[in-house]
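The values are calculated or read from the model by the stated rules, or taken from the named source; none is laboratory data. Quick caveat, the model's predicted, so the values are computed rather than measured. Here the Cβ is made from the backbone with ideal geometry for all residues, glycine too, and neighbour counts use every protein chain on show. Side chains are part of the model used for accessible areas, which takes the heavy atoms of the whole protein and leaves out ligands, DNA and RNA. Shrake-Rupley method; radii C 1.70, N 1.55, O 1.52, S 1.80 Å.
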Amino acid sequence: MPRINEGRMTAAGTGEVTVFLIGMRINSFRHLRSWWPTFRAMPPMLSELARDKDSGMIGYRLLFGGPRLIYVVQYWSSHEKLLAYASDREGRHRPAWAAFNRRMREGRNRVGFWHETYVVPAGAHEAVYVSMPDFGLGAATGVIPVGRRGERAGDRLAARTEAGPASAA
């Protein structure tokens, strides 16, 4: 069982981060051949990235959103490194993507796919973890006590919107 960090913690990383969400939705459970290969393609890519410290992926979390939705939250040091991995002809992604596209054309909507990418500038993100093991961005960059950055979310966020400071968490 992972160690629980006592008290309120925040992610140690303060620089720019790219957050990449990628997932699949099983539209038809009984057509296993349509979605099982998609499900099985992600773990080898995550292993490849985790082994390569220069890949740019600094952490990830596999999540389940009910019985149909499976997704991965990935944290990257830059969007350039994410795009470089996506287009790398020597890595696992390109062949998996080509095979996935073939299955999608043949699968008649039996599996859905989605991804979202967010480039978050330094100072425009903050995190709080209370009585949690290392999680999310904190697992990727390490955690420190909240007080080192300020007790309120608005204190921890260096970037402000035109509407004013962020509200407290």
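Some notes on this structure:
- Considered as a group, the residues in the stretch 123-169 that are polar (S, T, N, Q) and within 21 Å of Glu16 (Cβ to Cβ) include one that is modelled with the highest pLDDT, and that residue is Thr141.
- Test result for Phe39, surrounded by 12 or more Cβ atoms within 10 Å (Cβ to Cβ), hydrophobic (A, V, I, L, M, F, W, C) and within 30 Å of Asp155 (Cα to Cα): no
- Scanning the stretch 1-29 for residues that are open to solvent by 30 Å² or more (accessible area, probe 1.4 Å), over 20 Å from Gly65 (Cβ atoms) and either in contact with a Phe, Trp or Tyr (Cβ under 9 Å, 6 or more places away or on another chain) or of a type outside the set (Ser, Thr, Tyr) (or both) yields a count of 10.
- The residue that is farthest from Val19 (Cα to Cα), among those in the stretch 66-97 that are at pLDDT below 95, open to solvent by 40 Å² or more (accessible area, probe 1.4 Å) and small (Gly, Ala, Ser), is Gly66.
- From the options Ser55, Ser47, Ser34, residue that is open to solvent by less than 80 Å² (accessible area, probe 1.4 Å) and over 17 Å from Arg92 (Cα atoms): Ser34
- When Arg103, Arg30, Arg108, Arg8 are checked against the criterion of being in contact with a helix residue (DSSP H, G or I) (Cβ under 9 Å, 6 or more places away or on another chain) and at pLDDT 90 or above, Arg8 stands alone in meeting it.
- Selection status of Leu49, in contact with a Phe, Trp or Tyr (Cβ under 6 Å, 6 or more places away or on another chain), of a type outside the set (D, E, K, R), at pLDDT 95 or above and part of a helix (DSSP H, G or I): no
- Checked against the criterion of being under 30 Å from Asn27 (Cβ atoms), of a type in the set (S, T, N, Q) and part of a helix (DSSP H, G or I), the candidates Asn109, Asn101 yield just one match: Asn101.
- Among residues of the stretch 112-154, those that are surrounded by fewer than 15 Cβ atoms within 10 Å (Cβ to Cβ) and assigned to a helix (DSSP H, G or I), counted: 2
- Conditions (1) among the β-branched types (Val, Ile, Thr); (2) over 16 Å from the mean Cα position of the chain (by Cα); (3) closer than 30 Å to Arg149 by Cβ: number failed by Val73: (2)
- Annotation: of all residues in the stretch 6-52 being among the polar types (S, T, N, Q) and touching a residue at least 60 places away in the same chain (Cβ under 8 Å), the one that is farthest from Leu83 (Cα to Cα) is Ser28.
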